[in-house]
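No value in this document is a laboratory result; all are computed from the given coordinates. Remember, predicted model here, so these are calculated numbers, not experimental data. So basically every Cβ, Gly included, is an ideal-geometry build from the backbone, and we count neighbours across all protein chains shown.
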Amino acid sequence: MDQFEPKIVAFVCNWCTYAGADLTGTSRLKYAHNVRIIRFPCTGRIDFLLLQQAFAKGADGIIVSGCHPNDCHYTSGNFHARRRWMVFRQMLENMGVEAERIVFSWVSAAEGAKWADLVNETVESIKKLGPYHKYQDMAKSLEEWEVTHE
Amino acid sequence: MKIGFYPGCSVDGGSREYKESCRALAKAYGIELESVPDWNCCGASAAHNLNRELALALPARILSLAEKAGMTDLLVPCAACYNRLMLTQHELMKDETLRKNISEVTGLEFKGTCSILNVVHWIQKWILPELPEKIKKPFDYKVACYYGCLLVRPHKVLKFDRPEDPQSLDEVMKLIGATPVDWAFKTECCGAGLSVSKTDVVADLSGKIVRDAVYRQADALIVACPMCHSNLDMRRREINGYLKQNVSLPVIYVTQAIGLALGIDRKELGLHRHFVPVNLPEKAEATK
Amino acid sequence: MARIGVFVCHCGENISATVDCDRVAENASGLPGVVHSVDYKYMCSDPGQTLIKEAIKEHKLTGVVVAACSPRMHEPTFRKACAEAGLNPFLCEMANVREHCSWVHEKTESTTQKAKDVVRLLVEKVKRNEALQPIKVPVTKKAVVIGGGVAGIQASLDIANGGHQVLLVEREPSIGGHMSQLSETFPTLDCSQCILTPRMVEVAQHPNITLWSYSEVIGLDGFIGNFTVKIRKKAKSIDEHLCTGCGLCTQKCPVRKIPSEFEQGLGTRPAIYTPFPQAVPNKPVIDKLNCTYYLKGRCKLCERVCPTQAIRFDQPDEIVEVQAGAIVLATGYDIKRTDFFPEYGYGKYKDVIDGLQFERLASASGPTGGMIRRPSDGQIPKNIVFVACAGSRDPAKGIEYCSKICCMYTAKHAMLYKHKVHDGTPYVFYMDIRAAGKDYDEFTRRAIEVDRTKYIRGRVSRIYEKEGKLVVVGADTLLGGQKVEIEADMVVLATASVANPGSEELAQIVHVSYDRYKFFAEAHPKLKPVETNTAGIFLAGACQAPKDIPESVSAASGAAAKVLGLFANDELTREPLVAVVNRMAPPLFSTCIGCFLCQPVCPYNAIEREEFKTRDGKLLKAVARINPGLCQGCGTCVALCRSKSIDLYGYSNKQIYTEVSALLDEALV
């Protein structure tokens, strides 16, 4: 059996974390390859249903990262994201979804090293948690239910 | 009414008049000061320079014992003990691993539920409410309130009063009829750490404090720390040598001053134990 | 049917060293909708771009994915290439396989796999891209400069000399700012007023500049090129057209004991006053909080003595809206007062003063006529102590930054003192001497070597009064931390420079970011130092961070150059990545339910209320409408919308959900 390589989706904002991850590259810092970055204008744009979508499609872990508080390119989008996340996490926990698989962080455009650390730490912790099928299975059975009941 | 009480070594030994005056004040208010059972040294002035774990374990044991005895308010009259206990509680509450480690050392669980009161806290919380009607003889003197270093610093941890220009003792003194003077040495160091080993330094540092209090025409120095008291009182001979004059300015604990205003017996307040005789000016004696 | 072209760049060896580029291209060619897929050594080079352009024409591509470096690097390049080939530029996307892939991973199979995944993700996204048209907006060629200190004056003059209209708004009754309060300026010791007042007059007389003093900005709407600025013109209680500025009223006013703001409280002024004799405009205002008539309803002495009957007690505040294309913020700084320092006496010692107060004492036009006299008894101090870094670089005081100007002005103060009191001794307590600047270090050396200022490296722990002297207790760290006590006659604290009170409020009014010290934030600390994150709003001077005069003036000219550059265009084009409220025609059937929860989350007030009414005026439905001119495309409203009625061009729900699916759905591989 191969070692478990988690699939991690990162939802990042264009102005801070995407640029920070660019800096990781220009600094030639190495990190785990498991992460796939999806670019957003702002963390405020991130519809948290997307996180559920990612789990439903088989992601093992999720990173959400944007500008530090008060550094938002759009003044306040990251605060909205944070507030939404506080509520959303509770809902996930209530649903029985493993909220610890979602890492919420701030990485600025100057924090290339922090991005590498964030990815490595997330990969490590998701590796410990193991593959995540529960949500995917649930989503599939729901889909099937919908098909049979249409 | 029972309140937890941690005397510590100084208050139990060299500065027993501080304890006596605390107890006398408590008695006048019907408060019972219940000592922490099997208490130990808090490690002040030595332990935290040598061993961090020990410096935390000693106060942690005291606090654990107090918690075990069900004490929610813990009066710690000595400013040094207060400082150590507060710092320990602060350190342990913010670091769970450390808390576990220290609990293992002490063999006692630490919850951090005890509210640690310095003497001014205690006075503000328990003594002030009924103070005005209890005063028999206003303490009508000019006083220089001396806070020292440990009562108000580090502000980040203690969150008590203004660290550079504290006012709490002054406010208490005003309430018993005294006039606090505005002076410059409220929070200057008295040299407590060198009280035994380098008396010449103590004479210099404490001498400046005494000199300024005299210059501002204070009738008494008001303190809330046994270290400060012993330096300003017990080391007066050295101070006088340094100042090249004999200064008879008495050094009084805040609890003693309140006790006098309440008309408590001088002996009960331990005023006879001072090295510098507590002879307050006659003019005030006459205002009975 | 989508016809997508994929172009994989080697970037020399930057990508190909760890990513198998031809396999990435090969893999992409098998993706649904991809009709053309190649790799090339340098895609951004001229031949590389030609490759793309030709492919677009040859294969009739409907979308392009360039797998290369970060889109933050070359997205504009490739979009431009696409546009030249006749493809809408917004149908081109970049897959970041350099910064996010080849540079951060070793050469392994997983690295190539990651590149393949990223390309697949963008292919799926680009299929759902829409052809967008840039938004064009006209430019109002008039600038509003907020703040009339030296930076605001410079910016106004530069813009006005460039041929455009400027409205200069100043909060105080006169322009001039802190510079007008200074005595002499470092490092040349030329008189501040002598170099500034001609500029102030020039502002007043310039045909392109309108000066509104005693006015404040209270609102800002709009966007770059099209701002609407709301300004409160505070009632001056005089008719400016009639007033000749003769000054008779200020001489006769019976209320004379008001501490003068201009003199930093060291002098007094009447209730009807001009801040200083060279004030521009040189017409008085009535301070309503101190005027006997406003307080008690009688007096009106000024009205009686005014030869032109210009006094207007019933004049109301006026609120005016002004159209402008650009805004320059030049609101300057303030300093901490001595009462911020409990250890230095909480401001209760009269002879402990701050740097600006010393400037007034040293100024020939000041309350002492330029004699250094201590405020308490008017004596000339023989021992004077200057404390540098009072508050600055002190985390315990919450001011961690260097105030930058104090090293220089403290050296200047010591020199000025020595030039006026020859037998006096100036002491300076300092942490470091930061004298980086043209002729600056030479200047501080002069203070030490020629004027014999005693510099002591160490901080002052306490100042207290004793027998008429101020005892300054500090340490000399060059003598091993030895304690130093100096009995001084006067102490000058070089207190920290801080953001102006009200700067946070103004930042929120005009929607610019500010840092944790409430200084306005520039768009980029190095490459965009005078721009803010809000397009069309620029920064000049010390409202951004502590700055000395030359720096403030340079920044002001920089901001002016940006404004003039903006005004060189008749209309602006903006990226059309904005939010829209999707609605099925006709509008009445919009999916928007009109909850307007999106309105408060929009940082740009871009969301409007659109109402549909019957002919007899009955409200049928109210829906949200997004003003594309104001929207900056953050998408916060999109994520918030409960009925999923709002979408964001460029990052639409369709695109983003597909990206997530494409990334993870095995079926798509």
| task | Treat every Asp and Glu Cβ in the protein assembly as shown as -1 and every Lys and Arg Cβ as +1, leave all other atoms uncharged, and give the resulting dipole magnitude about the Cα centre to the nearest 20 debye. | result | 2220 debye
| task | Any chance you could give the angle, 0 to 90 degrees and rounded to 10, that helix B:52-68 forms with the longest Cα principal axis of chain B? | result | 90 degrees
| query | Considering only C:Val450, C:His74, C:Met490, whose Cα is most displaced toward the positive end of the charge dipole of chain C, charges sitting on Cβ of Lys, Arg (+1) and Asp, Glu (-1)? | reply | C:Met490
| query | About its Cα centre, what dipole magnitude does chain C give when the only charges are +1 on Lys and Arg Cβ and -1 on Asp and Glu Cβ, stated in debye to the nearest 20? | reply | 1640 debye
| field | Spacing of the two label points (7 Å from each Cα toward its C-beta) at C:Lys57 and A:Ala113, in nm | value | 5.1 nm
| Kirkwood hydrodynamic radius for segment C:519-669: how many Å is it when counted over pairs of different Cα atoms? | 18.8 Å
| message | With equal scatterers on the alpha carbons only and no solvent term, can you work out the Debye log10 of I(q)/I(0) for segment C:204-330 at 0.11, 0.15, 0.19, 0.22 1/Å? | response | -0.46, -0.79, -1.10, -1.32
| request: Just need log10 I(q)/I(0) for segment C:68-143 at q = 0.11, 0.12, 0.25 Å⁻¹, Debye formula, equal scatterers on the alpha-carbon atoms, no solvent, rounded to two decimals. | output: -0.40, -0.46, -1.14
| field | Overall Cα dimensions of chain B - principal axes, largest extent first, Å | value | 58, 44, 30
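Based only on Cα atoms, what Rg/Rh ratio does segment B:134-287 have, Rh being taken as Kirkwood's radius?
Numbers: Rg = 14.9 Å, Rh = 15.7 Å.
Using only Cα positions, Rg/Rh for segment B:134-287 is 0.95.
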| note | Out of C:Gly219, C:Gly245, C:Cys191 - ranked by how far each Cα lies towards the positive end of the dipole of segment C:188-248, with unit charges on the beta-carbon of charged residues - the top one is C:Gly219
| remark: Neighbours of B:Val120 by Cβ distance under 11 Å: Lys/Arg at +1, Asp/Glu at -1, summed charge -2
| task | Report the local net charge at C:Gly225: Lys and Arg +1, Asp and Glu -1, summed over other residues whose C-beta lies under 12 Å from its C-beta. | result | +2
| message | Helix-only estimate, please: 222 nm mean residue ellipticity of chain C, summing -39500 (n - 2.57) across DSSP H runs of length 4 or more and dividing by its residues, to the nearest 500. | response | -8000 deg cm²/dmol
| request: Could you tell me the largest-minus-smallest coordinate of the C-alpha atoms of chain C on each of the three principal axes, in descending order and whole angstroms? | output: 91, 78, 42
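Counting only other residues whose beta carbon sits under 14 Å from that of A:Ser76, what net charge do I get with K and R as +1, D and E as -1?
Once all neighbours under 14 Å are counted, the net charge is +3.
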| Magnitude of the Cβ-charge dipole of segment C:392-486, K/R +1 and D/E -1, about the Cα centre, nearest 20 debye? | 100 debye
| Once amide H atoms are placed 1.01 Å from N in the peptide plane, what residues at a sequence separation of 5 or more from B:Asp73, or on another chain, have their amide H within under 5 Å of its amide H? | B:Gly4, B:Ser115
| remark: Dividing the mean separation of Cα pairs under 8 Å (6+ apart) by the residue count of segment B:2-119 yields a relative contact order in percent of 31 percent
| remark: Rounded to the nearest 5, the percent of DSSP beta bridges in the protein assembly as shown running antiparallel is 40 percent
| field | Least to most buried among C:Ile319, C:Ile384, C:Ile311 (fewest other Cβ within 10 Å first) | value | C:Ile319, C:Ile311, C:Ile384
| message | Amide H of C:Phe386 versus every other amide H placed in the peptide plane: which residues, excluding those fewer than 5 positions away on the same chain, fall under 5 Å? | response | C:Tyr427, C:Val428, C:Phe429, C:Val492
| query | Projected onto the charge dipole of chain C (+1 at Lys/Arg Cβ, -1 at Asp/Glu Cβ, origin at the Cα centre), which of C:Gln133, C:Ser554, C:Gly474 gives the Cα projection farthest towards the positive end? | reply | C:Gly474
| query | So if we plug the beta-carbon distance of C:Leu527 and C:Glu608 into 1/(1 + (r/R0)^6) with R0 = 35 Å, what FRET efficiency do we get, rounded to 0.05? | reply | 0.50
| task | Based on a Kirkwood Rh over C-alpha pairs, give the Stokes-Einstein translational diffusion coefficient of segment B:2-119 at 4 °C and viscosity 1.567 mPa s in µm²/s. | result | 91 µm²/s
| Roughly how many whole Å is it from the C-alpha centroid of segment B:102-124 to that of segment C:55-97? | 67 Å
| query | Relative contact order for segment B:134-287 using alpha-carbon pairs under 8 Å, separation at least 6, rounded to a whole percent? | reply | 28 percent
| Estimated vicinal HN-Hα couplings, Hz - segment C:276-283 in sequence order (Karplus 6.51, -1.76, 1.60; Gly, Pro = x) | 7, x, 8, 4, 10, x, 8, 10
| request: Round to a whole angstrom and tell me the spacing of the C-alpha centers of segment B:234-254 and segment C:180-212. | output: 60 Å
| In percent, how large is the relative contact order of chain C, given Cα pairs closer than 8 Å and 6 or more residues apart? | 13 percent
| field | Long pairs among C:Lys283/C:Lys562; B:Lys19/B:Lys68; C:Lys257/C:Lys283, criterion Cα-Cα beyond 25 Å | value | C:Lys283/C:Lys562
| message | As an exercise, use a Förster radius of 45 Å and the Cβ-Cβ distance of C:Lys252 and C:Glu321 to find the FRET efficiency, rounded to the nearest 0.05. | response | 0.75
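Averaged across the residues of A:19-26, what count of C-beta atoms belonging to other chains lies within 10 Å of each residue's C-beta?
For peptide A:19-26, the averaged partner shielding equals 5.
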| Gain in length, C:Ser376 to C:Thr591, computed as 0.36 nm per residue apart minus the alpha-carbon separation, to one decimal in nm? | 70.1 nm
| message | At 15 angstrom or more along the helix axis (alpha-carbon based) and mean Kyte-Doolittle of 1.0 or higher, what helices does chain C contain? Whole DSSP H runs only. | response | C:549-567
| query | Which whole-number percent of Cα pairs in the protein assembly as shown have a distance greater than 47 Å? | reply | 51 percent
| query | What FRET efficiency comes out for the pair C:Ile448/C:Gln508, r = Cβ-Cβ distance, R0 = 45 Å, nearest 0.05? | reply | 0.50
| Can you list residues whose amide H is under 5 Å from C:His36's amide H, if they're 5+ apart or on another chain and H is modeled 1.01 Å from N? | C:Ile4, C:Val6
| task | Could you sort out which of B:Lys156/C:Lys526; C:Lys233/C:Lys412; B:Lys174/B:Lys208; C:Lys41/C:Lys125; B:Lys2/B:Lys134 sit more than 27 Å apart by Cα distance in this structure? | result | B:Lys156/C:Lys526; C:Lys233/C:Lys412
| query | Any idea what Rg and Dmax come out to for segment C:25-93 if you just take the C-alpha atoms, in Å? | reply | 11.1, 29
| remark: With label points set 7 Å from each Cα along the Cα-to-Cβ direction at C:Lys621 and C:Leu478, the distance between them in nm comes to 7.9 nm
| said: Test of understanding: express the Cα radius of gyration of segment C:333-498 as a ratio to 2.2 N^0.38 Å, with N the residue count. | reply: 0.95
